[in-house]
Amino acid sequence: MAGITQRSVCSGVTFRGIRDDRYKTVLMSINFFLPLNRKTVSSNAILPFLLKRASREYPDFTKLNEHLAELYGAVLDADVQRLGDVQILSVSASAIADRYALDGEKISAELSNLLCSVCFAPPLQDGLFPEDGFLQEKRQLEETLDAEFNNKVGYALRRCEEIMCVDEPYGIGRLGSKKEITSLRRENLTAAWEYMIRHARVEIFVLGDCDPEPAFREFSDAFRSLGRTSFELCPTVVKKVAGKKKDVTERMNVAQSKLVIGFRTGCAEPEKGAPAVKLMNALYGGMPTSKLFLNVREKMGLCYYCAPAYNSVKGILEVQSGVEQKNLKRAEEEILSQLEEIRSGNFTDEEVTEAKCYLSNIYHTFSDSLEAMENWYLVKTMYAPTRTPEEEADMVNDVTREEIVEAAQHMTVKN
Amino acid sequence: MEQGVQEIRSERLGDHYYEVRHPSGLKIFIYPKEKYNSAYAVFGTKYGSIDNCFRISGEEGVHRVPAGIAHYLEHKMFESKEGNVDARYAKVGALVNAYTSFDMTCYVFSCTKHFCDCLGILLDFVQQPYFTEETVQKEQGIIGQEIRMYEDTPGWRVLFNLLRAMYHSHPVKTDIAGTAESIAEITPELLYECYRTFYNLNNMALCVAGNVNPEEVLSICDKMLRPSKPMAVERIFKPEPDSIVNPRIEQKMSVAAPLFQLGFKEPAVKGRADVRQLAYTDILLEALASPASPLYRRLIDAGLINEASFGSEYFEGPGFASVIFSGESKDPDAVEDMILKEIERFRQEGVGRETFRCARNTVYGKYLGAMNLPSNIANSILSLDFAGREIFSYLSAVAEADEEAVMERLKTQMDPGHASLSIISPDQ
């Protein structure tokens, strides 16, 4: 596997490239990091979608998409994520590598050019984003929230996070609320866009089968010409101990109840204890041989899925399951009782070795996928030092039994 | 390499793989990907949720089994006399999984170390059924909850409602996992009967891709595979009329906005579509409804679809085929209307040279992108092979397609007289 190169572009802007001809494709992305804030969350969230639909060069949505289709179905994509208390606004472009083009087209050069033009040269009219595009993207953002409600597994998970983190930026959500999206005004978006390109922390990636150098030059020129002097630092609040436990039930017309229990782990990256929480998470329920799977599913037959997920940036861990309403209490008791087992050290050395092998396998697989590598380094840019997946596997491998018990003991769901 | 090994190359991709007819009866595909860390294997049988009625060659009688049994069997294959298969994989740090579709059941693993051990376990456990009253009984609760989960998944419901609106008798309309009632009828004896019929190596295939050594793979296969007596299974479907059942089906669920699927049923034919037909349909759908198309633009401008959910696919398997458009929309009937008009315009005016070229390039690019991941490669090779197709030939068919061939394909597809619209709408 080829290594990653990292270069500073200008204040708060970093470029990372991996050149690797194992892939048949190329992936480029510009990611803007801004603090999650109730006042700006929705006006920020609409930006990547507004940007990727047109540019001064391609002001028409259909013409732009025709051009992408011609470039062998190149994809111009927009995304909004929440990572800790940070909102990440991404615009990305991906396509096949030049050597696979049927007519010798220079696809990678086109790709970086397109990405630059949509991010830095939107087709403003009288200084504003065009009205039709704004209305379309606003509607689609509202519909994204509707779709998130339709998926009950995801909905329950997000509700748990909102309830847990009601007093923290994390509780705001990645897009903001329906009300905030509905009240978006086109007049405010040009300033939001300018603030984003001038003051967000920016991480740029160019990965796959292409020379990153021309793209580096193009993106560097664009950012340097802005004269950036300062950028948002984007801290994340990590609560060490959970507040008073809140039990919230929402009733809906569904066949199966969804149960989510949110814990504070007391530990987030880059703290020393984070690898131990990852291993504890695997032992607790991350694998088909771990405690939740073997007991709540296999032994008690209460569910089809029962799994925890550790959010290492925010330091929270959520266990989720789908169970019959009448079994909710039993499932909750068993989930907590299995955690008690780990806290008391009731697990074998063999289980620990298996959890280490399991995680090591996952870490060593990342470099076989462009998307997985991009995501890995995007998260890693949140804190120093930037580790490779292989280095992280070694750290997990060094975790001791005592550290696992300690990690489980620090998990809190109430005072 | 030994006899029976054929190397298949693609100059376009710069890739190659081996196809092996193993003396045990199993077809084996090996697709080495240089410099990859991981290896992926899929061991599958041509047996899925639609195989509820079958005849074994040389036998008189017909076997009828409960809906959902292929999926149930997949779950139960993870248990052996020695315990759970997951535990065996945990020792070597690999991820094992399985899936059941309409027409196949596959067991898969991915690993970065101990590949030979992992492959050995795969070949071993899939060849060793072990079902008891107690273990079969235990699964009722787990699969019962899996079925309940699907009941709450609008994207799943909208598809099966559509299939029920299109198909009179073909078992594709039945949920892959079955129902609470149908799985209650499953016994160890029925599981053994289905296992013996469909888990015959002549009805199966193995595909490995990624960081693999062909000699090693074959040597493990030689050691682990127990020859199966050649046999043939005949899938029996009740005759399926060309007509649809209902032009419209609607269900209310706890959703914030409606979802829809619009299907165009095609007459049942013997055999499956070939790579050319698949390629032409994929290009046609791209030309008709991709983000670069006039139809897409009209739908977006009218506020009828969104980019995150709208799409089209060719949904095709043994005894069934249909083109399906899907998405979220405040007014699915209006979407149907616009799609029908555009299909008619295509029939009258043709695809157009430029639109054709863009659509072909897009299908070509999508296919190439999917060839990065060993899991995608292995799963595709297997499912294509089960339908009598070869993966590199599909790419050639796309690259060499012309506008006339695509228009010819339209003549037999997307007949408005055979369209059904399925809608999931908010319950309040």
What Kirkwood hydrodynamic radius, in Å, does region B:87-194 give when the mean of 1/r is taken over all pairs of distinct Cα atoms and then inverted? 16.4 Å
Residue among B:Ala257, B:Ala268, B:Ala205 with the largest mean-square fluctuation in a Gaussian network model of chain B, springs linking Cα atoms under 10 Å: B:Ala257
Quick one: net charge around B:Lys366, please, counting Lys, Arg +1 and Asp, Glu -1 for every other residue with C-beta under 10 Å from its C-beta. -2
Suppose R0 equals 51 Å; then what is the FRET efficiency for B:Asp333 and A:Thr249 from their Cβ-Cβ distance, rounded to the nearest 0.05? 0.90
Under the definition of partner shielding as Cβ atoms of other protein chains within 10 Å of a residue Cβ, what is the mean value for peptide A:58-70? 5
Tell me which of A:Leu317, A:Cys160, A:Leu175 sits at the most positive position along the dipole axis of chain A, charges placed on C-beta atoms (Lys, Arg +1; Asp, Glu -1). A:Cys160
Restricting to bridges with both residues inside region B:248-426, how much of the DSSP beta-bridge set is antiparallel, in percent to the nearest 5? 75 percent
Taking the Cα centre of the protein assembly as shown as origin, work out the dipole magnitude from +1 charges on Lys and Arg Cβ and -1 charges on Asp and Glu Cβ, in debye rounded to 20. 1460 debye
In this structure, the FRET efficiency calculated for A:Thr386 and A:Thr353 from their beta-carbon separation, with R0 = 22 Å, to the nearest 0.05, is 0.20
Quick shape summary for region A:351-391, equivalent ellipsoid via Cα gyration tensor, semi-axes whole Å in descending order, reads 21, 13, 7
Distance-filtered residues of region B:15-32 - backbone nitrogen under 15 Å, label point 7 angstrom along B:Asn202 Cα→Cβ: B:22-27
Do any GluC sites (Glu not before Pro) in region A:211-312 lie in a DSSP loop with no more than 12 other beta carbon atoms within 10 Å, and if so, which? A:Glu250
Would you please calculate the Kirkwood hydrodynamic radius of region A:49-103 over all C-alpha pairs and express it in Å, rounded to one decimal? 12.8 Å
I want to make sure I understand the PRE zone here: with the label point 7 angstrom from the Cα of B:Asn213 toward its beta carbon, which residues in region B:1-31 have backbone N atoms less than 17 Å away? B:1-2, B:30-31
Paired Rg and Dmax values of region B:375-428, which use every Cα atom, in angstrom: 17.5, 51
Cross-link pairs A:Lys245/A:Lys356; A:Lys52/A:Lys178; B:Lys27/B:Lys229; A:Lys178/A:Lys244; A:Lys246/A:Lys329 - those with Cα-Cα distance over 26 Å: A:Lys245/A:Lys356; A:Lys178/A:Lys244
Loop trypsin sites (Lys or Arg not before Pro), region B:386-417, which have at most 12 other Cβ atoms in a 10 Å radius of their Cβ (DSSP): B:Lys411
Spin-label pair B:Ala87/B:Glu59, simplified geometry with 7 Å Cα→Cβ offset, distance in nm: 3.3 nm
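Taking every pair of Cα atoms in region A:257-409, average 1/r, invert it to obtain the Kirkwood radius, and report Rg/Rh to two decimals.
Numbers: Rg = 15.6 Å, Rh = 16.0 Å.
Rounded to two decimals, Rg/Rh equals 0.98.
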DSSP loop trypsin sites (Lys or Arg not before Pro) with at most 13 other Cβ within 10 Å: longest gap in chain A: A:273-413
Rounded tilt (10° steps) of A:107-120 against the dominant C-alpha axis of chain A: 90 degrees
On a C-alpha basis, how far is the centre of region B:361-413 from the centre of region A:224-244 in Å? Whole number, if you could? 46 Å
For A:Leu336, placing the label point 7 angstrom along Cα-to-beta-carbon and taking region A:241-274, residues whose amide nitrogen sits under 19 Å are A:241-250, A:258-266
Taking the Cβ of each residue in B:Asp282, A:Asp211, B:Asp175 as the centre, tally the other Cβ atoms inside 10 Å and list the residues starting with the fewest. A:Asp211, B:Asp175, B:Asp282
Mind pulling the angle between the C-alpha long axis of helix B:332-349 and the longest principal axis of chain B? Nearest 10 degrees, somewhere in 0 to 90. 80 degrees
Tell me the mean residue ellipticity at 222 nm calculated for the protein assembly as shown from its helices only (DSSP H runs of n ≥ 4, each -39500 (n - 2.57), averaged over every residue, nearest 500). -12500 deg cm²/dmol
Taking the Cα centre of region A:257-409 as the origin and placing charges on Cβ (Lys, Arg +1; Asp, Glu -1), which of A:Met373, A:Gly301, A:Ala282 is farthest toward the positive end of the dipole? A:Gly301
Could you check the simple spin-label distance between B:Asp402 and B:Lys366, using points 7 Å along Cα→Cβ, in nm with one decimal? 2.4 nm
Using every pair of alpha-carbon atoms in region B:321-363, split the distances into 10 Å bins beginning at 0 and state the percent of pairs per bin, rounded to integers. 23, 39, 36, 2
Using C-alpha positions alone, give me the convex hull volume of chain A per residue in cubic angstrom. 153 Å³
Enter the per residue convex hull volume of region B:263-335, computed from alpha-carbon coordinates, in Å³ rounded to the nearest integer. 91 Å³
Just to be sure I understand: of the beta bridges DSSP finds with both ends in the protein assembly as shown, what percent are antiparallel, rounded to 5? 85 percent
B:Glu181 paired with B:Gln348, simple spin-label distance in nm, labels 7 Å along Cα-to-beta-carbon: 4.8 nm
Shape descriptor, region B:194-292: equivalent ellipsoid semi-axes (Cα gyration tensor, sqrt 5λ, whole Å, largest first) stand at 39, 23, 18
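Remind me, what semi-axes does region A:1-119 give for its equivalent ellipsoid, largest first in whole Å, using sqrt of 5 times each Cα gyration tensor eigenvalue?
Numbers: eigenvalues 139, 82, 25 Å².
After diagonalising the Cα gyration tensor, the semi-axes are 26, 20, 11 Å.
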Compute log10 of I(q)/I(0) for region B:12-158 with the Debye formula, placing one identical point scatterer on every Cα and leaving out solvent, at q = 0.13, 0.19 Å⁻¹, to two decimals. -0.77, -1.33
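Just round it to a whole percent: the fraction of Cα-Cα distances in region B:232-367 exceeding 17 Å.
Values: 5974 of 9180 pairs.
Result: 65 percent of Cα pairs exceed 17 Å.
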In region B:164-237, which GluC sites (Glu not before Pro) are in a loop and have at most 16 other Cβ atoms within 10 Å, using DSSP for the loop call? B:Glu185
Taking a quarter of the surface of the Cα convex hull of region A:159-203, what do you get in nm²? 4.5 nm²
Across all Cα atoms of the protein assembly as shown, Rg and the largest Cα-Cα distance (Dmax), in Å, are 26.9, 83
Of every Cα-Cα pair in region A:5-224, the percent that sits beyond 27 Å: 36 percent
Just report the Cα centroid separation between region A:6-25 and region A:332-386, whole Å. 26 Å
Note down the magnitude of the dipole of region A:5-224 about its Cα centre, charges +1 on Lys and Arg C-beta and -1 on Asp and Glu C-beta and zero elsewhere, to the nearest 20 debye. 600 debye
Express in % the proportion of alpha carbon pairs of chain B at distances exceeding 35 Å. 34 percent
Length-normalised contact order of chain A in % [C-alpha pairs under 8 Å, at least 6 apart]: 20 percent
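FYI, it's all coordinate maths here, none of it is from the lab. These figures come from a predicted structure and were not determined experimentally. Every residue, glycine among them, receives a Cβ derived from its backbone with ideal geometry; neighbour counts consider all protein chains shown.
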